[in-house]
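Report on the following structure.
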Amino acid sequence: MRALLLCVAAVLVLAGCEGSPGVEGKYLAQGQDGKNVTLTLKAGFTGEWETATDSVPVRWEVRGGEVWLHSKSGGILRGILQDGTLRVLLPGEGELVFARPGAKPGG
C-alpha cells in the first residue's frame, strides 16, 4: 500500500510539471527607465530577476505558452513566449520584452 501511494504521488508530481525545452537561459530587457533587467531561468525551475539595484530569486514554471514567475513574497508574473522573446506584463508599469543576448526583441 505504501509503495502504491509513493507511485501515485510521483505520477502527480510529474504530471504537474510541464516540460520546458529551450526555456532555460539568460534573458535581457530594457525597462521604461532605460535600465537593464536580466532574467535568468535555471534548470530545476529556479532563477533570478536582476536590476542594477536589486536581485530577486524566483521559481518558474511553464503553462502552455506562458512562463509563470513566482517570487518568494508570493507575487506571480506571467510571461508569454512569442517569436523568440518572453513578454512580461508588469502591473501598473507596462510590458518588458526579454530576449536572449544577441537576439533582437520582437524579431
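The values are calculated or read from the model by the stated rules, or taken from the named source; none is laboratory data. What you are looking at is a predicted structure, and each value in this text was computed from that prediction instead of being measured. For neighbour counting, all protein chains shown are included, and Cβ atoms are generated from backbone atoms with ideal geometry for every residue, glycine included. Please note that ligands, DNA and RNA were not included when accessible areas were found on the heavy atoms of the full protein model with its side chains. Shrake-Rupley method; radii C 1.70, N 1.55, O 1.52, S 1.80 Å.
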Report task. Return the pairs, sorted by first residue and then second, in which the second residue is among the basic types (Lys, Arg) and part of a strand (DSSP E or B), the first residue lies in the stretch 25-47 and is over 15 Å from residue 86 (Cα atoms), the beta carbons are less than 8 Å apart, and the residues are 6+ apart or on different chains. Result -> 45/59; 46/59
Query raised in the report: How about the stretch 30-63: which of its residues are in a loop (DSSP other than H, G, I, E, B) and over 9 Å from the mean Cα position of the chain (by Cα)?
Result: 31, 32, 33, 34, 35, 43, 44, 51, 52, 53, 54
Query raised in the report: Are any residues in the stretch 72-90 open to solvent by 30 Å² or more (accessible area, probe 1.4 Å), of a type outside the set (A, V, I, L, M) and assigned to a strand (DSSP E or B), and if so, which ones?
Result: 78, 82, 87
Requested in this report: Within the stretch 91-106, work out how many residues are within 18 Å of residue 22 (Cα to Cα), surrounded by 12 or more Cβ atoms within 10 Å (Cβ to Cβ) and not aliphatic (A, V, I, L, M).
Outcome: 3
Query - Filter result for residue 87 (at pLDDT 95 or above and under 15 Å from residue 37 (Cβ atoms)) - result: yes
Requested in this report: Output the residue which, of all residues in the stretch 1-53 that are of a type in the set (Val, Ile, Thr) and open to solvent by 80 Å² or more (accessible area, probe 1.4 Å), is modelled with the lowest pLDDT.
Outcome: 11
